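I have placed the structure first, in the form of structure tokens, so that the comments after it can refer back to it.
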Amino acid sequence: MSRSPALAPWAWQRAEQLLVPAAQPFIEPLQFTDRPPFAVLQELLDDLPWQSNPEALQMPDIHQASRLLALAPWLQQPDADQARELVRARADGLRTRLVGDTVTYVVNRNINVSNHCSKHCSFCAFRRDPGQPGAFWLSREALQHKAQQAHQRGATELCVQGGLNPAATLDGSHLAYAEAVLQDLTAAAPGIHLHAFSPQELLYFAECDDLPVAVVLQRLRQAGLASVPGTAAEVLSEPLRRVLCPEKLSARAWVAVMLEVQAQGLPATSTLMAGHIETAADQAAHLLNLLQLQRHAREQGQTGFTEFVLLPFVGQQAPAPLRQRVGRDQPDLQAMLLLTAMARLLLGPWIRHHQPSWVKLGLAGAAEALRWGADDLGGTLMEEHITTMAGASGGTNQEPEALEAAASSCGRPVRRRTTTYGVLP
């Protein structure tokens, strides 16, 4: 695996040191043992470093995390009610100790600039070639209009992402076009927080313009970039990425870009796309890679990740080969609730805020996730294309009143927040 010239040598080397591979070989925890499954579960939960001290900044190891996550199939069995409730209660209790009972959300607008894309990921129903049915590329005027609308509706954030569009240049520069987009949005919605451009997009701008990622980040910050979405991570397991997204940046490259994001002082979110063909070992590697990055940020006095967002796979309109392998068009809510709890338990105090996706699970499903370790309901979005083009049925817009009602239905207080979980005046 070779380093992209756009990545700083230090970040590439540090990414190799931090990267946690999936545990191989991996033995499922209920094989080759005569111990009751409930006893195995209790032991694994009790061994987590923050069960006795929620502020304990230690790291689970890959085998411990893999064994816990591999219990999911057994936990979904009809006779595992007591075990499921134990996992839920432990996760919910840890959430209470770490962040309290208040549910938060942000008033934002999601803007997908274009779905023209040069990559061909096996899970993606969003990308199009120019001229294909469903292809779009919003003009700069249309982007400004959307920003103005969001500003008028009280949005404090714009989330801006899109495909890797080879034609999206200004005077031959991809970075100049991205800068212009941010400047346009800031002019249309003064003071709004610009949460924009995944690590894949940042690396694409840098490689296309033959610039270091650090320079790209510096210039985008000057143009108004305030934080970075942690998408394009999918699952940070190299063997799996060779199936899911072989044309995309590698897990090591994603980690390297995120290290450069941290070094520039930019906050970021973290995500996991789950519920497709990944294994428990893949999930464990991904979560521990997020922990490694967060620990590095803390050591350097940087902000790091503000939240973790579980993104269940939606396969209804996904490319046929992967859809057939998964064999399910919509997320398995029970499995995603369990994973919500497991992620809370494994990420512990390192990443305090956890968010389900109401677009993928529906608002009722997202509200239920608040009982399984989640504490945030995300944003109002106002529109959404990537997941809905995949066939999600959760909708594309939620009014603040709907998110507040969902939190209240769980008996929890609720408040609006800033992008970085600050208190609004």
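The values are calculated or read from the model by the stated rules, or taken from the named source; none is laboratory data. Predicted model, so just to flag it, every value in this text is computed and none were measured. Neighbour counts are summed over all protein chains in view; Cβ atoms, including those assigned to glycine, are modelled from backbone coordinates with ideal geometry.
Could you grab the pairs with beta carbons closer than 9 Å, sequence gap of 6+ or different chains, first residue in region 186-197 and over 13 Å from L143 (Cβ atoms) and free of Cβ contacts under 8 Å to residues at least 40 places away in the same chain, second one aliphatic (A, V, I, L, M) and part of a loop (DSSP other than H, G, I, E, B)?
Listed pairs, sorted by first residue: none to list.
Being assigned to a helix (DSSP H, G or I) and more than 16 Å from Q262 (Cα to Cα) is the filter here; which residues of region 4-23 pass it?
Once the filter is applied, which keeps residues that are assigned to a helix (DSSP H, G or I) and more than 16 Å from Q262 (Cα to Cα), region 4-23 yields E16, Q17.
Which members of region 177-194 meet the condition of being part of a strand (DSSP E or B) and not hydrophobic (A, V, I, L, M, F, W, C)?
Residue satisfying the conditions is H193 alone.
Within region 114-128, track down each residue that is of a type outside the set (K, R) and either under 14 Å from T231 (Cβ atoms) or under 16 Å from the mean Cα position of the chain (by Cα) (or both).
Hits for region 114-128 are C117, C121, F123, C124, F126.
List pairs: first in region 275-302 and among the hydrophobic types (A, V, I, L, M, F, W, C) and surrounded by fewer than 24 Cβ atoms within 10 Å (Cβ to Cβ), second at pLDDT 95 or above and assigned to a loop (DSSP other than H, G, I, E, B), Cβ under 7 Å, 6+ apart or cross-chain?
Matching pairs, first to second residue: A297/G304.
Yes or no: region 195-202 includes at least one residue that is outside any helix (DSSP H, G or I), within 18 Å of the chain's Cα centre (by Cα) and at positive phi.
yes
Considering each residue of region 24-42, count those that are surrounded by 13 or more Cβ atoms within 10 Å (Cβ to Cβ) and either modelled with pLDDT of 85 or more or part of a helix (DSSP H, G or I) (or both), and give that number.
Result for region 24-42: 5.
Just for region 60-108: of the residues that are of a type in the set (G, A, S) and part of a helix (DSSP H, G or I), which one is farthest from G422 (Cα to Cα)?
If we take residues in region 60-108 being of a type in the set (G, A, S) and part of a helix (DSSP H, G or I), then A80 is farthest from G422 (Cα to Cα).
Yes/no matrix, rows are residues, columns are (1) closer than 19 Å to H354 by Cβ; (2) at pLDDT below 95; (3) of a type in the set (S, T, N, Q):
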| site | (1), (2), (3) |
| --- | --- |
| R97 | yes, no, no |
| D101 | yes, no, no |
| T104 | yes, no, yes |
| V113 | no, no, no |
| S118 | no, no, yes |
| R127 | no, yes, no |
| W137 | no, no, no |
| K146 | no, no, no |
| A150 | no, no, no |
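If you go through region 148-176, how many residues are within 17 Å of A6 (Cβ to Cβ) and not in a loop (DSSP other than H, G, I, E, B)?
Going through region 148-176 one residue at a time, the tally reaches 4.
When only residues in region 303-322 that are part of a loop (DSSP other than H, G, I, E, B) and touching a residue at least 60 places away in the same chain (Cβ under 8 Å) count, which is nearest to the chain's Cα centre (by Cα)?
The selected residue is F313.
Where residues in region 397-414 are touching a strand residue (DSSP E or B) at 6+ places or on another chain (Cβ under 6 Å) and in a helix (DSSP H, G or I), which of them is surrounded by the most Cβ atoms within 10 Å (Cβ to Cβ)?
L403
Would you check if L363 is more than 17 Å from the chain's Cα centre (by Cα), under 30 Å from L143 (Cα atoms) and touching a residue at least 12 places away in the same chain (Cβ under 8 Å)?
Judged against the criteria, L363 is a match.
Of all residues in region 323-356, which are among the polar types (S, T, N, Q) and not in a helix (DSSP H, G or I)?
Residues satisfying the conditions are Q330, Q355.
May I ask you to list the residues in region 190-206 that are within 21 Å of W10 (Cα to Cα) and touching a Pro at 6+ places or on another chain (Cβ under 8 Å)?
The answer is S198, A206.
What pairs come out if I take residues in region 398-412 that are within 15 Å of A369 (Cβ to Cβ) and in contact (Cβ under 8 Å) with a residue 40 or more places away in the chain and pair them with residues that are assigned to a helix (DSSP H, G or I) and of a type outside the set (A, V, I, L, M) whose C-beta lies under 7 Å away, six or more apart or interchain?
Q398/W358
Exactly one of these conditions fails for L57: (1) within 30 Å of R417 (Cα to Cα); (2) modelled with pLDDT of 95 or more; (3) in a loop (DSSP other than H, G, I, E, B). Give me its number.
(2)
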